[in-house]
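So the structure is just underneath, and the comments pick up after that.
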Amino acid sequence: MRDFVSAAFAFPTAVFSVLLLVVAGYWVVVSLGALHVESLDTGGDTGGDDVGVLDVAGLGGVPITVAVSLLIAFGWFASLAAATVVHGPFAPAVVLVVAVGVAWLVTRLAVLALRRLFAAAPGPSRADLLGRPCVIRTGSVTSTFGQAEVTAADGSSAIVQVRQAGDGGLRAGSAAYIYGYDDTGEFFWVVEDPSTLA
């Protein structure tokens with residue numbers, strides 16, 4: 001046990017040991033519910049277009065806290081193992097280089113496996129609103145003006161710009177259906193709910 005403690009707190013393993021204690025403390029706080037896994041992330045969205053340091057290193061696609069925790073843990077194990085094998089005047093430098101290289105390689109493989117777990121679910125799109133019922137919120141709907149409230153499949157609601165072909169009877173509070181989207185004007189086409197027609 002004394003040899004293990006000595007090896008764990010000898011340079012360069014001591015660097016990883018201190019970082020590992022910080023990581024362990026962080027995950028204890030997370031497990032108690034005081035923090036979330038993504039709380040220290042600068043971007044928050046693992047599926048975004050922004051390229052960060054982890055992406056350049058091939059460790060993107062998971063929260064930064066997960067990637068860094070794995071990197072430190074694997075670095076600690078690799079450093080401890082290398083310190084027991086490598087001896088000589090340049091041993092600390094060799095151990096550090098080997099530990100960082102092994103840690104990066106193993107973390108990269110782990111991140112590749114974990115990306116599916118942390119893949120961001122696609123947000124709702126305009127196409128998801130096609131065919132959905134809506135309620136008119138403006139006094140009337142014409143071919144140039146109108147708004148309606150629509151509820152998406154996930155339960156979220158939004159006020160969207162709507163238009164009606166011709167001069168229909170859609171008024172505030174009327175039920176309607178969304179049947180199309182105009183990319184140029186960025187509005188939805190609606191038609192009166194047939195069940196409300198006399």
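The values are calculated or read from the model by the stated rules, or taken from the named source; none is laboratory data. Note that the structure is a prediction, hence the values are computed from the model and not measured. Neighbour counts are summed over all protein chains in view; Cβ atoms, including those assigned to glycine, are modelled from backbone coordinates with ideal geometry. Note: accessible area is taken over every heavy atom of the protein model, side chains too, but ligands, DNA and RNA are not part of it. Shrake-Rupley method; radii C 1.70, N 1.55, O 1.52, S 1.80 Å.
What does the highest-first list of 62-68, 95-101 look like by mean Cβ count within 10 Å?
On the way: 62-68: 21.6, 95-101: 18.4.
Put in order of decreasing packing, that is 62-68, 95-101.
Length gain on complete extension for the stretch ASP182 to GLU149, per 0.36 nm per residue less the alpha carbon to alpha carbon distance?
Working: separation 33, 0.36 × 33 = 11.88 nm, distance 1.73 nm.
Contour length minus Cα-Cα distance gives 10.1 nm.
With all protein chains present, how much of the accessible area of the range 62-198 (probe radius 1.4 Å) comes from carbon and sulfur, to the nearest whole percent? Can you show the working numbers first?
On the way: 5000 of 7820 Å².
Its accessible area is 64 percent carbon and sulfur atoms.
Give me the one-decimal nm value for the distance between modelled label points at VAL5 and LEU117, 7 Å along each residue's Cα-to-Cβ direction.
My value for the distance between the label points is 3.3 nm.
From largest to smallest, what semi-axes in whole angstrom does the range 72-198 give when each is the square root of 5 times an eigenvalue of its alpha carbon gyration tensor?
Values: eigenvalues 833, 31, 19 Å².
Calculated on Cα positions only, the semi-axes equal 65, 13, 10 Å.
Which of the peptides 22-28, 152-158, 88-94 is most tightly packed, and how do the rest follow, going by the mean number of other Cβ atoms within 10 Å of each residue? Can you show the working numbers first?
Numbers: 22-28: 13.7, 152-158: 10.1, 88-94: 12.0.
Top of the packing list down: 22-28, 88-94, 152-158.
Using a 1.4 angstrom probe on the protein heavy atoms only, line up TRP76, TRP189 by accessible area, largest first. Before the final figure, lay out the partial values.
Working: TRP76 30, TRP189 65 Å².
My answer, sorted largest first, is TRP189, TRP76.
Per 0.36 nm of contour for each residue apart, how much would the distance between ASP193 and VAL30 grow if the chain were fully extended, relative to their Cα-Cα spacing? Could you put the intermediate results ahead of the total?
Numbers: separation 163, 0.36 × 163 = 58.68 nm, distance 4.93 nm.
Here the answer is 53.8 nm.
Starting from 0.36 nm per residue, how many nanometres of slack lie between ASP55 and ALA81 once their C-alpha separation is accounted for?
Values: separation 26, 0.36 × 26 = 9.36 nm, distance 2.79 nm.
Result: 6.6 nm gained on full extension.
Taking R0 as 41 Å, what's the FRET efficiency between SER157 and LEU21 from their Cβ-Cβ distance, rounded to 0.05? It would help to have the intermediate numbers written out before the result.
Values: r = 47 Å, r/R0 = 1.15.
Computed FRET efficiency for SER157 and LEU21 comes out at 0.30.
Considering amide H positions built from the backbone, and no H for Pro or chain starts, which residues 5 or more places from PHE187, or on another chain, come under 5 Å of its amide H?
Those lying under 5 Å, H to H, from PHE187 are ASP182.
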